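These notes concern the structure reproduced below.
The values are calculated or read from the model by the stated rules, or taken from the named source; none is laboratory data. All values reported here derive from a predicted model rather than from experimental measurement. Glycine also receives a Cβ, built like all others from the backbone with ideal geometry; neighbour counts cover every protein chain displayed. Note: areas computed on protein heavy atoms with side chains; ligands, DNA, RNA excluded. Shrake-Rupley method; radii C 1.70, N 1.55, O 1.52, S 1.80 Å.
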Amino acid sequence: LDDMVIVDPRLRALYEGVVASAHEPPVYRSFRILFEDLLPLRVAGRIVFDRLYSNLQTNYLQPQKDETQQILNSIVTTTTTTTTTTTTTTTTEAHVNTARQHFFTLMQFLNNNADDYNNTDGPSSLVINKAALLQTGIATKIATEYLKLDTEDELFNQWQEDVDFYNFFVTLSLLANESSSSSSSSSYSSATQILESIVSELPVPPLPSLFQSPAKQKHVESYLHMVQSFQEWEGFVIPNNNNNNNSNKNNSQNRRLDVLRGCFVGARNPKVVLALQIVYVDYSALRFAGNLIFKLMSAIVNRQKN
C-alpha cells in the first residue's frame with residue numbers, strides 16, 4: 001500500500017494515521033489493548049476497517065496496479081514499433097509509482113492555484129486540466145525546457161482537455177525518450193524525472209479542511225479538548241517499569257497505564273491526531289468508544305495526581 005496514491009483527503013489522512021501509529025510502539029500497544037479489552041470498540045473497529053480496506057482495494061490499490069501495468073506495456077509496445085535506432089530509458093514499476101505521487105502533488109497545486117479550475121471528477125480521479133497547466137506556466141516549461149520542443153502546442157496536441165495520469169505519463173515518456181536521443185543537451189530522459197523536477201519547485205500544499213460541517217463542529221471541539229487534555233496530563237503519569245511479576249490486579253492497572261501512555265504519544269503525532277479525529281467525528285459508534293476511553297483515562301490521571 002505504500003506506493004498507492006489516495007486522492008480523497010479523508011481516506012488519505014486515515015491511511016497515513018494508521019501507518020504513523022504502526023511506527024509508534026506505545027500507540028500500537030495502546031490500540032492493541034483497547035481492541036482486546038473493549039468489545040464495543042472491537043466490533044465497531046472491525047466494521048470500519050472492512051469498509052475502509054474495501055474502499056482502498058476497489059478505488060485505489062487494484063486500479064493503480066492495473067494502470068501501472070498498462071503504462072509499462074504501452075511504453076514497451078510503442079517504443080518497439082516506432083523506434084529502431086534510439087535507446088529507450090528503462091521504466092520500472094517503481095518509476096511509475098513515484099511519478100504518480102508527483103502527478104498527484106501537481107494536481108493539488110493546480111487545484112489550489114489555477115483560476116476557475118478544480119478537479120471534481122470523483123474521489124479516485126487523478127486528472128489535470130490543460131488550461132490549468134498553461135495558465136500556471138508549467139506546460140511551457142515542460143515543453144520547451146524539459147522536452148526541447150518549440151512550443152507547448154506539440155505537447156498539447158497529444159491530449160484532450162483533461163489529462164489523466166496514464167496519458168500524461170505515456171506521452172511524456174515517449175517525448176522525453178525522443179528528446180534525450182536527439183539532443184545531447186537534454187538531461188531529462190523519463191517522465192518520472194520531469195515530474196520530480198516540476199514538483200521540487202512547487203510550494204508545499206496547504207492541509208485540506210476536513211471538518212466544515214457546522215453539525216459536526218461540537219464533535220470536533222470535544223475531540224480537540226481530549227487531545228489537549230492528554231498533552232497536559234503527560235507529566236502526572238509514572239513511567240513504565242516493565243515489571244512482569246505483578247498481580248492480576250496490577251497487570252490490569254498496567255495495561256490501562258500503557259493505554260494512557262499511548263494516548264500521550266499519539267497526541268504528539270499530527271497524523272495520528274488527524275486520523276483519530278476523523279474517526280471520532282464521522283463514526284458515532286467509535287465516538288461512543290472514544291468518550292468511554294477518555295473517561296477511563298481521566299480516572300487514572302486523577303488517581304495519579306492524588
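Summed over the stretch 133-165, the residues that are within 27 Å of the chain's Cα centre (by Cα) and modelled with pLDDT under 80 give a count of 1. Here is the figure for the stretch 172-192: residues that are modelled with pLDDT of 90 or more and either more than 22 Å from Val127 (Cβ to Cβ) or surrounded by fewer than 17 Cβ atoms within 10 Å (Cβ to Cβ) (or both) total 0.
Taking the criterion of being at pLDDT 60 or above and open to solvent by less than 70 Å² (accessible area, probe 1.4 Å), the residues of the stretch 67-83 that qualify are Glu67, Thr68, Ile71, Leu72, Ser74, Ile75.
Any residue that is in contact with a helix residue (DSSP H, G or I) (Cβ under 6 Å, 6 or more places away or on another chain), surrounded by 14 or more Cβ atoms within 10 Å (Cβ to Cβ) and either of a type in the set (Gly, Ala, Ser) or at pLDDT 85 or above (or both) - is there at least one of those in the stretch 237-244?
The answer is no; no qualifying residue exists.
For the stretch 84-98, the count of residues that are open to solvent by 70 Å² or more (accessible area, probe 1.4 Å), over 15 Å from Val163 (Cβ atoms), in a helix (DSSP H, G or I) and modelled with pLDDT of 65 or more is at least one.
Any residue at all in the stretch 276-293 that's among the aliphatic types (A, V, I, L, M) and surrounded by fewer than 18 Cβ atoms within 10 Å (Cβ to Cβ)?
Yes - at least one qualifying residue is present in the stretch 276-293.
Of all residues in the stretch 105-126, those that are surrounded by fewer than 19 Cβ atoms within 10 Å (Cβ to Cβ), modelled with pLDDT of 65 or more and touching a Phe, Trp or Tyr at 6+ places or on another chain (Cβ under 9 Å) total 1.
Against the list (1) of a type outside the set (Asp, Glu); (2) at pLDDT below 90; (3) over 20 Å from Leu41 (Cα atoms), the condition Ala285 fails is (3). Any idea which of (1) under 17 Å from Ile71 (Cβ atoms); (2) modelled with pLDDT under 90 is the one Phe168 doesn't satisfy? All conditions pass for Phe168, except number (2). Taken together, Glu16, Glu24 contain a single residue that is under 20 Å from Phe211 (Cβ atoms) and open to solvent by 40 Å² or more (accessible area, probe 1.4 Å), which is Glu16. For the stretch 245-258, the set of residues classified as assigned to a helix (DSSP H, G or I) and either modelled with pLDDT of 95 or more or open to solvent by 70 Å² or more (accessible area, probe 1.4 Å) (or both) consists of Asn248, Lys249, Gln253, Arg256, listed by residue number. Quickly run through the stretch 269-306 and pick out the residues that are over 28 Å from Arg51 (Cβ atoms) and either free of Cβ contacts under 8 Å to residues at least 24 places away in the same chain or not in a helix (DSSP H, G or I) (or both). Within the stretch 269-306, Ala299, Asn302, Arg303, Asn306 meet the criteria.
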